[in-house]
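The values are calculated or read from the model by the stated rules, or taken from the named source; none is laboratory data. Predicted, not measured: the structure shown is a model, and the values here were computed from it. Cβ atoms come from the backbone with ideal geometry, glycine included; neighbour counts cover every protein chain shown.
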Amino acid sequence: MTKAELIEKMAKDAKITKVAAGVVLESFMGNVTKALKKRNAKVTLVGFGTFRKRYRKTRMGRNPQTGKQIKIKGKNVVTFKAGKTLRNKI
């Protein structure tokens, strides 16, 4: 499902305009992003799941074309763990 399809579906379900649904979706994504920028951040939506920021440590990898070892820098990544209700529905 694309963002446009999600907006259309939200608008239909909530009986609002697509513009209003787009504003709501942008607000949701913006607020989740802001919350995850904080240290030890997580966003929990009970029944749906939890978004969490984790730090992936620097590690050694291998270039698949040359076989040469390379150093992969550490970075922050976002993980999502589905809640019980969501897991049971899919």
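May I ask you to list the residues in the stretch 4-40 that are of a type in the set (D, E, K, R) and within 28 Å of R56 (Cα to Cα)?
Across the stretch 4-40, the qualifying residues are E26, K34, K37, K38, R39.
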Q.
Condition check: modelled with pLDDT under 95, in contact with a helix residue (DSSP H, G or I) (Cβ under 6 Å, 6 or more places away or on another chain) and among the small types (G, A, S). Does G47 satisfy that?
A. yes
(Q) What pairs come out if I take residues in the stretch 68-90 that are touching a residue at least 24 places away in the same chain (Cβ under 8 Å) and pair them with residues that are assigned to a strand (DSSP E or B) and hydroxyl-bearing (S, T, Y) whose C-beta lies under 6 Å away, six or more apart or interchain? (A) K81/T50
Q.
Scan the stretch 25-43 and tell me whether some residue there is exposed (fewer than 12 other Cβ atoms within 10 Å of the Cβ), within 12 Å of the chain's Cα centre (by Cα) and touching a residue at least 12 places away in the same chain (Cβ under 8 Å).
A. no
